[in-house]
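Peer 1: Input: one structure, supplied below.
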Amino acid sequence: MRSKYFGRFGGQFVPEILMNALAELEASYRQLRRDRRFRGELEDLLKHYAGRPTPLFHAKNLSRALGYRTFLKREDLLHTGAHKINNTLGQVLLARHMNKRRIVAETGAGQHGVATAAAAALMGMPCVVYMGKVDTERQALNVYRMKLMGAEVRPVTSGSQTLKDAINEAIRDWIKNVRDTHYILGSVVGPYPYPEMVRDFQSVIGRETRRQLGRTPCGLVAACVGGGSNAMGIFHEFIKRPGTKLLGVEAAGHGISTGKHAATLLKGTVGILHGAKSYVLQDRWGQIKPDVHSVSAGLDYPGVGPEHASLKDSRRVRYVAATDKEALHGFRYLSEHEGIIPALESSHAIGYLLTHSRIRPKRGACVICLSGRGDKDMEHASRIIRL
Ligand SMILES: *Cc1c(COP(=O)(O)O)cnc(C)c1O
């Protein structure tokens, strides 16, 4: 039997009633991942609906500023604006093959909700998206997008009324309707097999990158880490290649010594959140810290995927954190010098490399995962950056 753990992290810390559903999900996934028809359908959707392969762009101005050859993996050019669609298309197809007729999902900033609503609309499946009430107000445009694509958005008023509470509600819905409902988790978090399945659906990012680099050796891969799905997606292909350094950039918010940050791997302690054992930003009684913060809503999560926790322990990936200020520097730099407005999340990886010259590829090129585009951040950015 396969392990449900990554080192000492992961597992299935869920109510008894979900154990059957997770077992069924795991069995279907194991079977379908090898199924030619399923793979063909997914490949076709990724190509003609989502827009894969995404370009690997040699950013010459950024390269000059950094002092080494740097490429951007352009996940920002995908349909709905970020890497999230790679996973929602995979899971919605999986749901259909499992004869589940209804989709539930959670969303924080709204990007995963939008990618889920799109995939469900495409398949003609009803879709309910749970979203913290605070987030529905902060991200009103994404709520409108989801509704326009036929999803029902249910505001969550428990707890801090943000992402972690939305996940709790989505899990509750799933427990109640498990016979006909599939829960589409948006990152490499949650109980097994989600961390592995979401990583597999996102690993197309790294596979394409390696193919596109051709004979250029890859000395460094950098990605931002919220739950960790775009990072796992690009890292997976390179983990067995010791010549490639891997850098995961968390959100340091106002600074990791202030408490107002989302640097879970750097500052968290081992605990259980949303069905898995990993690092968690919690107080000494195991309660989630209330002041988790990042300028980017997509990184503002008090947990992190268990595979990242394990890669931190084994030191195969180096984890660092960029402050809001460093991220905004990356955001402005790429806009001004490459004509590409990155998502505030991805800006953490760019800003970190721009301000910390110690980390660089020993030989070969650097690839930064540009996980999404900044269009969704325009309103927020225009309030904090005066032009
Ligand atoms: C959601 C999101 C993230 C954070 O999620 P991960 O699972 O860590 O990838 C990063 N970038 C963008 C553009 C996002 O929408």
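Taken together, the values in this text are just the output of simple stated rules run on the coordinates, not laboratory data. Keep in mind that this is a model prediction, so the values were computed, not measured. Counting neighbours? That spans all protein chains shown, and the Cβs are built from the backbone with ideal geometry, glycine included.
Peer 1: Give me the percent of Cα-Cα pairs in the range 147-203 that sit more than 15 Å apart, rounded to a whole number.
Peer 2: 60
Peer 1: Here is a further query. If amide H atoms are built 1.01 Å from N in the plane of the peptide, which residues on other chains or at least 5 residues away come under 5 Å of the amide H of I256?
Peer 2: Under 5 Å from the amide H of I256 lies no amide H from a residue far enough along the sequence or on another chain.
Peer 1: Can you put T88, T107 in order of Cβ neighbours within 10 angstrom, beginning with the fewest?
Peer 2: The most exposed by this proxy come first: T88, T107.
Peer 1: Something else: Which far-off residues, 5 or more places away or on another chain, put their amide H under 5 Å from the one on T323, with H placed in the peptide plane?
Peer 2: A252
Peer 1: Next question, about the same structure. Lysines near K47 by alpha-carbon distance under 17 Å, same-chain residues fewer than 8 away left out - which ones?
Peer 2: Reachable lysines: K73, K84.
Peer 1: Using the Cα centre of the range 1-58 as the reference point, and only Cβ charges (+1 on K/R, -1 on D/E), how large is the resulting charge dipole? Debye, rounded to the nearest 20.
Peer 2: Result for the range 1-58 is approximately 300 debye, rounded to the nearest 20.
Peer 1: Could you give me D for the chain, from Stokes-Einstein at 25 °C and 0.890 mPa s, where the hydrodynamic radius is the Kirkwood radius over C-alpha pairs? Units µm² s⁻¹, please.
Peer 2: 119
Peer 1: Within the chain, which complete DSSP H helices have Cα atoms spanning at least 15 Å along the helix axis and a mean Kyte-Doolittle hydropathy of 0.0 or higher?
Peer 2: Sorted by number, the helices that extend far enough and score high enough are 16-32, 111-123, 344-355.
Peer 1: Also, I was wondering about something else. Among all the lysines, which ones have a C-alpha under 17 Å from K4's C-alpha, if same-chain residues fewer than 8 places away are not counted?
Peer 2: K277
Peer 1: Computed over the Cα atoms of the range 219-312, what is the ratio Rg over Rh, Rh following Kirkwood?
Peer 2: 0.98
Peer 1: Give me the base-10 log of I(q)/I(0) for the range 156-301 at each q in 0.12, 0.19 Å⁻¹, Debye formula, one uniform scatterer per Cα, rounded to two decimals.
Peer 2: -0.58, -1.21
Peer 1: Here's something else I'd like to know. Convert each backbone phi in the range 7-14 into a coupling constant with the Karplus relation 6.51 cos²θ - 1.76 cosθ + 1.60 (shift: θ = phi - 60°), then list the ³J(HN,Hα) values in order as whole Hz, x for Gly and Pro.
Peer 2: x, 9, 10, x, x, 9, 9, 10
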